[in-house]
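**Q** Could you have a look at this structure, given as structure tokens, before my questions?
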Amino acid sequence: MSQISTETRPFQKAPVHLLGISQIIAYGLLFYAFAPLKIYLASATGLNQSFILTILSASLILQAILMPIIGSWCDRIGALHIMRFGFFIGAAGIFGLGLVAMPFFQHWMFLCACFMLIGIGLAMSTYEMAFSAAVQLNEPKSRRNISFITFYGGVASSLSWMSIHPLLSYFGLFAACSVIALILTITGIVFRQAANKYQARTSKAAIAQPKTPFSWSALTNTEKGALILLACSGASEYILFAATTLLWISWFELKFDNLALAVILASTYGPFQTVGRLIEMVLGHKYDARLTGLIACLFVPCALLCLLADTLYMSFLGMVLFGMGHGVLTVSYGFITNLYFRAEIYGRAKAITATPRVIGAALGPSIGGILFAIDTNLFIGAMVCLSLLATIFFASLLFLTPTNKVHITKDSAAKS
């Protein structure tokens, strides 16, 4: 069977809209879907919902462990090919969850095996791979294209919840999971065609070793510093994000004693994530990505301090700032890696920065839940400290001059 290389025609027009839609499908159907699915899985297996979420967290840890390996393969055979395999593997895991509705498949070990496949699918199909594809196919315009991709991804939660809830209610677990698996499979087929179109084929020998070597000892001090700072900032930020996102409803319900209002306020951050990404997409290219990312970082502690106030107006403002800040930061973490690492090694460099971030996202809900149960003010205080720590790490990037010539020459900078 022929294999695929990462060699591409110079600066192709990347399938940006396809990559964007893929993130609605990947995040919506392999992650956000578990908000409604966990209820039906718990009912089918007799396990409690906390156990289901624990298995989901374990699958995210698996995703983190696999990131360096997948990043290496991304550089070897091309991100589009990795993504198509991710959608197929994720489809198998989701279809397996549908089988849990049948008595023979209700063992917890089978459930864990399905979640393992889903964790692998997530690692191979979500933002890290989509960003790598954008960089590999059109590096000078990677920032703009990454902004487009995240703009689509901002509506993943809303679309998935609005569609999966009715499917589960009217047709049950097996039918809903079958439909989700079918969508993922079709997406995998589409990505197979896109990969064949945009990323060239070559012999098996070409993938035996990445064309461009990548090792820690070979990196310059600037490149090592960039990796460390991006990894530390991302880990701090995603512990915070994962911890707070799942607890905002509880926070606002305690504050205002109104569940409906709490849900509305907690949902505010989603649309404003999209607003932040739109601003980055339209205006961000005029400014240094490290500067726009730093401003976005500062939005987060300001948002958390607003949420300490007892007024509805300040709570709304806090969620607006929280959403816009994280909306821009998603783009920043994706693109800034490319300021220091060119397309040929971007996948491996991105994997190093993504691994601690994914671990943070997996641990965040548990850390947040413990702090929230002890004291709500302690919870917010700890989150403010994490946000300031992430900001300090991010700000330090301003002292490291970008090393990727594609983005530091005058002509390329104007195009990016």
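The values are calculated or read from the model by the stated rules, or taken from the named source; none is laboratory data. Not measured: the values here are computed from a predicted model. Cβ sites come from the backbone with ideal geometry, for glycine too, and all protein chains shown count toward neighbours. For accessibility, only protein heavy atoms count, side chains too; no ligands or nucleic acids. Shrake-Rupley method; radii C 1.70, N 1.55, O 1.52, S 1.80 Å.
**Q** So which pairs qualify, if the first residue must be in segment 351-373 and closer than 23 Å to Cys74 by Cα, the second must be of a type in the set (Phe, Trp, Tyr) and buried (at least 19 other Cβ atoms within 10 Å of the Cβ), the Cβ gap must be under 8 Å, and the two must be at least 6 apart or on different chains?
**A** These pairs meet every condition: Thr353/Tyr333; Arg357/Tyr238; Arg357/Tyr333; Val358/Tyr238; Gly360/Tyr238; Ala361/Tyr238; Ala361/Phe241.
**Q** Determine whether segment 48-62 contains at least one residue that is surrounded by 22 or more Cβ atoms within 10 Å (Cβ to Cβ), within 17 Å of the chain's Cα centre (by Cα) and modelled with pLDDT under 95.
**A** yes
**Q** Suppose we filter segment 126-160 for residues that are in contact with a Pro (Cβ under 9 Å, 6 or more places away or on another chain), open to solvent by 10 Å² or more (accessible area, probe 1.4 Å) and either among the aliphatic types (A, V, I, L, M) or within 12 Å of Leu19 (Cα to Cα) (or both); how many remain?
**A** 1
The rows are residues; the columns are (1) open to solvent by 10 Å² or more (accessible area, probe 1.4 Å); (2) at positive phi.
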| site | (1), (2) |
| --- | --- |
| Trp73 | yes, no |
| Gly78 | no, yes |
| Phe87 | no, no |
| Leu97 | no, no |
| Val100 | no, no |
| Gln106 | yes, no |
| Leu111 | no, no |
| Ile120 | yes, no |
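**Q** Within segment 215-243, which residues are surrounded by fewer than 19 Cβ atoms within 10 Å (Cβ to Cβ) and modelled with pLDDT under 90?
**A** Ser215, Trp216, Ser217, Ala218
**Q** Six or more apart or on different chains, Cβ under 6 Å: which pairs go from a residue in segment 49-73 that's in a helix (DSSP H, G or I) to one that's among the aromatic types (Phe, Trp, Tyr) and surrounded by 15 or more Cβ atoms within 10 Å (Cβ to Cβ)? Could you list them?
**A** Listed by first residue and then by second, the contacts come to Ile55/Phe115; Leu56/Phe34; Ser59/Phe115.
**Q** With the condition kept exactly as written, say whether any residue in segment 162-183 is under 18 Å from Phe31 (Cα atoms), modelled with pLDDT under 85, open to solvent by 20 Å² or more (accessible area, probe 1.4 Å) and under 22 Å from the mean Cα position of the chain (by Cα).
**A** yes
**Q** Please go through segment 144-157 and give me each residue that is more than 13 Å from the chain's Cα centre (by Cα) and closer than 18 Å to Glu344 by Cβ, ordered by number.
**A** Asn145, the sole residue that qualifies.
**Q** Looking at segment 83-109, I want the residues that are more than 14 Å from Ser59 (Cβ to Cβ) and outside any helix (DSSP H, G or I) and have a partner that is of a type in the set (Val, Ile, Thr) and open to solvent by 10 Å² or more (accessible area, probe 1.4 Å) with Cβ atoms under 8 Å, at least 6 apart or on another chain. Which pairs are those?
**A** Val100/Thr45; Gln106/Thr45
**Q** While we're on this one: If I filter segment 338-366 down to residues being assigned to a helix (DSSP H, G or I) and of a type in the set (D, E, K, R), which single residue comes out as nearest to Ser50 (Cα to Cα)? Before the answer, list the steps.
**A** Our first condition is that a residue be assigned to a helix (DSSP H, G or I); within segment 338-366, this holds for 338-340, 343-366.
Next, only the ones that are of a type in the set (D, E, K, R) stay: 344, 348, 350, 357.
Details: Glu344: 41, Arg348: 34, Lys350: 31, Arg357: 22 Å.
For segment 338-366, the residue satisfying everything is Arg357.
Yes or no, residue by residue, for (1) touching a Ser or Thr at 6+ places or on another chain (Cβ under 6 Å); (2) modelled with pLDDT under 90; (3) more than 27 Å from Thr126 (Cα to Cα); (4) small (Gly, Ala, Ser):
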site	(1), (2), (3), (4)
Tyr340	yes, no, no, no
Val358	no, yes, no, no
Cys385	no, no, yes, no
Ala395	no, no, no, yes
Leu398	no, no, yes, no
